[in-house]
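First up is the structure itself, then whatever we jot down about it.
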Amino acid sequence: MKALEAKFCLWCGSGLTAREIDLTVRLACPACDFVHWGNYSIGVGALVVRDDKVLLVRRAQNPGKGYWTNPGGYIEQTEPIRETIRREVREECGIDAVARNIVAIRDQPRSVHNVYIAFSMEYVAGEPVPDGVEVDEAGFFSLEEMKEMNVADMTRWLVDVALHGQSSGLRVDEQPFVSLQGYGLYRS
């Protein structure tokens, strides 16, 4: 599927033209200051471990239909990323979990540049129940059980990070020494 290409200014409606900005050819508006910086998406993934088992969901839709993956999804425009991952886990399989640390990042440059941020999550409550739309099965599974399952390659890597990672990752800085209201700040 080809990504949509911007043709008109989002601010004033004029046709965009290609011009060099910051040593890169970008689409920009000749009538105002608007610059189309590119097409991006930010996804999040949850690594919830309970009793040495990892929470997985089986995708009921494409992309990935039939594969077991960790729960996750895409951030909303004005939603803090920690709320995104908690919401996605709750929506997909009914589990309540709280983000602890960022433990992995996937950078996938392409027509829509995708950045995927994986969080270790602290299990709070609930039993896995698939939403019946995006997910048709859900559960906590051991490494041994996963050997017989159709687990997506990226998820296999993330499970290894969740169970064998050597770093505690980046954590939310709850009390930064500077006041940056509305920012999500993470530190090691």
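All of the numbers you see were taken from the coordinates with simple rules; none came from a lab. For clarity, every value in this text was computed on a predicted model and none was experimentally measured. Quick reminder, even Gly has a Cβ in these numbers, built from the backbone with ideal geometry, and neighbours come from all protein chains shown.
With a Förster radius of 22 Å, plug the Cβ-Cβ distance of D131 and I42 into 1/(1 + (r/R0)^6) and report the FRET value to the nearest 0.05. Efficiency, rounded to the nearest 0.05: 0.55. Counting other Cβ atoms within 10 Å as a rough exposure proxy, the listed residues Y186, Y67 run Y186, Y67 from fewest neighbours to most.
Its relative contact order, with pairs defined as Cα atoms under 8 Å and 6+ residues apart, puts region 40-170 at 34 percent. Angle of helix 81-93 to the longest C-alpha principal axis of the chain, folded into 0 to 90 degrees and rounded to 10: 50°.
Placing unit charges on the Cβ atoms of the charged side chains and taking the dipole of region 40-170 about its Cα centre, the candidate lying farthest along the positive direction among L143, I117, N70 is I117. Shown for region 22-123 is the translational diffusion coefficient from the Stokes-Einstein equation, using the Kirkwood radius over Cα pairs, a temperature of 37 °C and a viscosity of 0.692 mPa s: 214 µm²/s.
Structure remark: mean-square fluctuation, Gaussian network model of the chain, C-alpha springs under 10 Å; the largest value among V44, V98, V133 belongs to V133.
Taking the inverse of the mean reciprocal distance over all distinct Cα pairs, the Kirkwood hydrodynamic radius of region 31-87 comes to 13.9 Å. Per-residue ellipticity at 222 nm computed for the chain from its helices equals -4500 deg cm²/dmol, with DSSP H segments shorter than 4 residues left out and the rest contributing -39,500 (n - 2.57). In a reduced charge model with +1 at each Lys and Arg Cβ and -1 at each Asp and Glu Cβ, region 72-188 shows a dipole moment near 640 debye about its Cα centre. Couplings 3J(HN,Hα) for region 178-184, derived from phi with the Karplus relation 6.51 cos²θ - 1.76 cosθ + 1.60 (θ = phi - 60°), are 10, 9, 10, 4, x, 9, x Hz, where x marks Gly and Pro.
Computed extension gain for E148 through E5, at 0.36 nm per residue and net of the alpha carbon distance, reaches 47.3 nm. Label separation (R156 vs L185): 4.1 nm, computed from points 7 Å beyond Cα along the C-beta direction. Cβ-Cβ distance of D173 and E76, R₀ of 35 Å, FRET efficiency by 1/(1 + (r/R0)^6): the value works out to about 0.95. Distances between placed amide hydrogens fall under 5 Å for R100 paired with S120, M121, E122, all partners being 5 or more residues away or on another chain. Take the chain, compute every pairwise Cα distance, and split them into 5 Å bins from 0; I just need the percent in each bin. Going from the shortest bin to the longest, the percentages are 1, 7, 14, 16, 17, 13, 10, 9, 7, 4, 2, 0, 0.
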